[in-house]
Amino acid sequence: MDILILLMAASFAITVVGMRVTSLWVERGREIAQAQAATRDLARIIEEYVSRVFETSDLIASEAIRYIREQGGTAKARKGIEPHRYLLNLSRQTTGDYILVVDQDGIPSVVTTQFPAPTTDLSDRDWFKAHLGGSDRHIGKALVSRITGEVLFTYSRAIRNADGSFDGVVQIAKTPHFFEQVLLTTALVNDVILTVWNPKGDVIARTGLTPDQVGRNYADSRLFQRPLDGEAATFDETSPFDGKERIISFRRLERWPVIVSASVPRSSALTAYNESMRQTMWQLSMVLLGLTVLTVIALRLRA
């Protein structure tokens, strides 16, 4: 009879614990699935937003090129304040950007942050070299501005004379703060990392990007290798930015040679689950303690 009482108590304990563990496992899977769906949605939002940013930048650059040509070219644009005023007004139509125009030697002719333009030599910049080599459009990786000291990413277009010769570059410079507008549209605001990459593994823009992180390449990172196999992907991976295990979603832009990603820490996705786990441990401890007391009483009464 004592053995029967012990078996009944053990059977009840196993049933209660098993049911709750199963429930917790299902809850954990649901929390992960919801976080994956949320990062996919956020990646789509970033894809659309970044596409609009580049489209707007291209339109602004086109208008700036038209105006500079109308003024007689980059050399003449340097001489008066009117080009500065015109491009400053144009820059205010974008998301916190500034416009830079350099001549065929890479020296600023007009910059909307100051007048007159500084004589900073920018001829060694990758974007200038790309245009000097014949590229009409260029999406630059993140850099630290020599003019403002800010972390920027750039979109630029070559300025050509009527005969097709190279006359300089117009650049639309942007700070990563534009990501803040994206985060306002989603509930995922806790430790979210939004990133824009080029296909070579360079960071174009990222939330929280600091000057000392500018210039790093992630082509060899497992995080970056996985999205190269397809247009969209969602997976768990350790972030090279902060070393955390993250749920990450990637998407490729259709019109532009750019990849975007959104990620949240896996631990954040499991916050509700971890709280349920703590409550469960407390509840099961109370149930098992009560069951133990009842079993002991039953055995003593039996005796």
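Summary of values
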read-out	value
Amide proton proximity set for A233, modelled H, under 5 Å, gap of 5+	F250
Phi-based couplings in Hz for region 150-159 (Karplus 6.51, -1.76, 1.60; Gly and Pro marked x)	7, 7, 9, 10, 10, 10, 9, 9, 6, 9
Long-range amide H partners of T207 with built H, under 5 Å	L194
Cross-link table K141/K174; K79/K129; K79/K141; K129/K200; K141/K244, entries beyond 22 Å C-alpha to C-alpha	K79/K129; K79/K141; K141/K244
Derived scalar couplings ³J(HN,Hα) [region 81-91; Karplus, 6.51 cos²θ - 1.76 cosθ + 1.60; whole Hz; x for Gly, Pro]	7, 4, x, 4, 5, 5, 6, 4, 5, 5, 5
Prolate/oblate/rounded label for region 84-124 (Cα gyration tensor, a/c 1.5)	prolate
With eigenvalues of the C-alpha gyration tensor scaled by 5 and rooted, region 87-173, Å	19, 14, 13
Chain lengthening between F115 and D163 when straightened (0.36 nm per residue, less Cα-Cα)	14.3 nm
For region 161-169, 3J(HN,Hα) per residue [Karplus equation, 6.51 cos²θ - 1.76 cosθ + 1.60, θ = phi - 60°, Hz, x = Gly/Pro]	6, 4, 8, x, 6, 6, 10, x, 9
Amide hydrogen neighbours beyond the local backbone of V110, cut-off 5 Å, H modeled	V101
Total charge dipole magnitude, region 63-177, about the Cα centre, Cβ charges on Lys, Arg, Asp, Glu only, Debye to nearest 20	180
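Rule-based calculations on the coordinates, nothing more; no lab input. Computed from a predicted structure; not experimentally measured. Positions of Cβ are backbone-derived with ideal geometry, glycine not excepted, and every protein chain shown enters the neighbour counts.
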